[in-house]
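Please read the structure below before turning to the comments.
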Amino acid sequence: MKNLKIGEKLTKVPLIQGGMGVGISLGRLAGSVAKEGGIGIISTAQIGYREPYFDQDPAKANLIAIEKEMKKAREISPDGIIGYNVMTALKEHAAHVKAAVKAGADIIISGAGLPTDLPALTEGSSTKIAPIVSTDKSAHVILKYWDRKYKRTADLVVIEGPEAGGHLGFKKEEVESYTEESYAEEIRKIIATVKSYGEKYNVEIPVVVAGGIYDSSDVKRILALGADGVQVATRFVTTEECDADIRYKEAYINATKEDIKIVKSPVGMPGRAIMNNFMERVMGGEKVPHSPCHRCLAKCEPANIPYCITDGLINAVKGNIEHALLFCGAKAYRAEKIETVRDVVQELFAI
């Protein structure tokens, strides 16, 4: 079995636990995955939502929580590989990256846009950096940019496919047109592109594939395409160690395949979620009143949005299901029970 090398650390299994905001993948889940030999990832998206002054000063609350959650993760897995997912689309993207480095991140994974400034923000640190790409074109763009501007390349690349959860790196029509076979070809192209930059810099750049990976057969299929590992998120939601409310986990367990739809976020990006009363209202054209702006997404215009994504995701993590945005991957309907992180890792890799 392949292993992923991050700095001087080596995984036991070629696994990254995907970052899930708001509050779904925090220190407990990330630390537990790292303890089992994978790479645990904390999402910084509105990570400070539980801080008492979050409403008054969300930027400060998030920065403090970034440090707090790493400490929790390190208590669980002192020597494991633990990092952060920092969305490029965040208003406070740069501040979050710097805080993650300061907190001791082994790696920062960044998507929801191309993280053009990630090398500059992590310069001088030992933190590894990994862009998320969805197409060969986007892989070419970000690797070429880093090569020309910073004279460096990625330490790892995550390919996020059309079956992923949350915000997607595709237009709605693209998500619906891709098949498993056609996207497999895209994966091969991206791997070849990444390999070419690895050869230029005389380094190995691991390529990890995310989106729709739920069991060991999915893992084997992805590794057979030439990938070095997998990133799994949805499967970890229904674990005991996941930081979300039990009612959020039960929403996955109770969902049918037909309940999972492509929806539009307030900033126009397509995403995948479980349909509920809240999303039916939004999709029907209703404008849902929202709280004062918590400064999450850079391109958001509070006066013009149909609903607040922060409100929807905080309702989700707190278990207020009927008023929540229930982001999920394409195979969330396969969840049948609450498991442990160890159970999931052992099943994924047939240990």
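No lab work stands behind these numbers, since they all come straight from the coordinates. Keep in mind it's a predicted model, so treat the numbers as computed, not measured. Cβ coordinates were reconstructed from backbone atoms using ideal geometry, including for glycine residues, and neighbour counts include every protein chain displayed.
Say R0 is 25 Å: what FRET efficiency, to the nearest 0.05, do residue 50 and residue 322 get from their beta-carbon distance?
Numbers: r = 21 Å, r/R0 = 0.84.
Given R0 = 25 Å and the Cβ-Cβ separation, E is 0.75.
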Open item on the list: Against the empirical 2.2 N^0.38 Å scaling, what ratio does the C-alpha Rg of the chain come to?
Closed with: 0.91
Task: In range of the label at residue 174: residues from the range 118-143 whose backbone nitrogen is under 20 Å from the point 7 Å along Cα→Cβ - done: 130-143
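Subtracting the Cα-Cα distance from 0.36 nm times the residue separation, let me have the gained length for residue 281 to residue 152 in nm, one decimal.
Values: separation 129, 0.36 × 129 = 46.44 nm, distance 4.68 nm.
Length gained, residue 281 through residue 152: 41.8 nm.
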Open item on the list: What whole-number distance in Å separates the alpha-carbon centres of the range 89-155 and the range 1-67?
Closed with: 16 Å
TODO: Quick one: which residues, 5+ away or cross-chain, put their amide H under 5 Å from the amide H of residue 263? H built at 1.01 Å from N.
DONE: 271, 272, 273
- [ ] For the range 62-136, go through all pairs of different Cα atoms, get the mean of 1/r, take its inverse, and jot down that Kirkwood value in Å.
- [x] 12.6 Å
- [ ] Along each of the three principal axes of the Cα atoms of the range 147-187, give the extent in whole Å, ordering the values from largest to smallest.
- [x] 37, 22, 16
Task: Rg [Å, one decimal], Dmax [Å, integer] - the range 1-58, C-alpha atoms - done: 14.1, 48
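Could you please tell me the mean projected area of the C-alpha convex hull for the range 178-240, averaged over all directions and given in square nanometres to one decimal?
Details: hull surface 20.3 nm².
Average projection, Cα convex hull of the range 178-240: 5.1 nm².
Could you rank the peptides 272-281, 205-214 by their average count of other C-beta atoms within 10 Å per residue, with the highest value first?
Numbers: 272-281: 18.6, 205-214: 24.5.
Ranked from most to least packed, the peptides come out as 205-214, 272-281.
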- [ ] May I ask for the equivalent-ellipsoid semi-axes of the range 6-101, computed as the square root of five times each C-alpha gyration tensor eigenvalue and listed largest first in whole Å?
- [x] 24, 13, 11
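What's the extension gain from residue 215 to residue 254 if we count 0.36 nm per residue and subtract their Cα-Cα distance?
Gain on extension, residue 215 to residue 254, equals 12.2 nm.
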- [ ] Distance check, please: which entries in 68/331; 172/257; 128/299 exceed 29 angstrom between their Cα atoms?
- [x] 68/331
- [ ] Kindly work out what percent of the DSSP beta bridges joining two residues of the chain are antiparallel, to the nearest 5.
- [x] 30 percent
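Plugging the Kirkwood radius over Cα pairs into Stokes-Einstein for the range 209-351, at a temperature of 10 °C and a viscosity of 1.306 mPa s, what D comes out in µm²/s?
97 µm²/s
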Open item on the list: Show me the three semi-axes of the equivalent ellipsoid for the range 19-171, from the C-alpha gyration tensor (sqrt of 5 times each eigenvalue), largest first, rounded to whole Å.
Closed with: 24, 17, 16
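Sorted by average packing, counted as other Cβ atoms within 10 angstrom per residue and highest first, what order do 259-267, 85-93 take? If you can, show how the numbers build up before the last one.
On the way: 259-267: 18.2, 85-93: 23.0.
Per-residue Cβ counts within 10 Å, averaged per peptide and sorted highest first, yield 85-93, 259-267.
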Open item on the list: Between residue 182 and residue 337, how high is the FRET efficiency from 1/(1 + (r/R0)^6) when r is the Cβ-Cβ distance and R₀ = 41 Å? Nearest 0.05.
Closed with: 0.80
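Work out the FRET efficiency for residue 347 and residue 264 from their Cβ-Cβ distance, taking R0 = 30 Å, and round it to the nearest 0.05. Numbers along the way, then the final one.
Details: r = 34 Å, r/R0 = 1.12.
FRET efficiency, residue 347 to residue 264: 0.35.
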Task: Solvent-free Debye scattering, log10 I(q)/I(0), computed from the Cα coordinates of the range 110-203 at q = 0.14 Å⁻¹ - done: -0.52
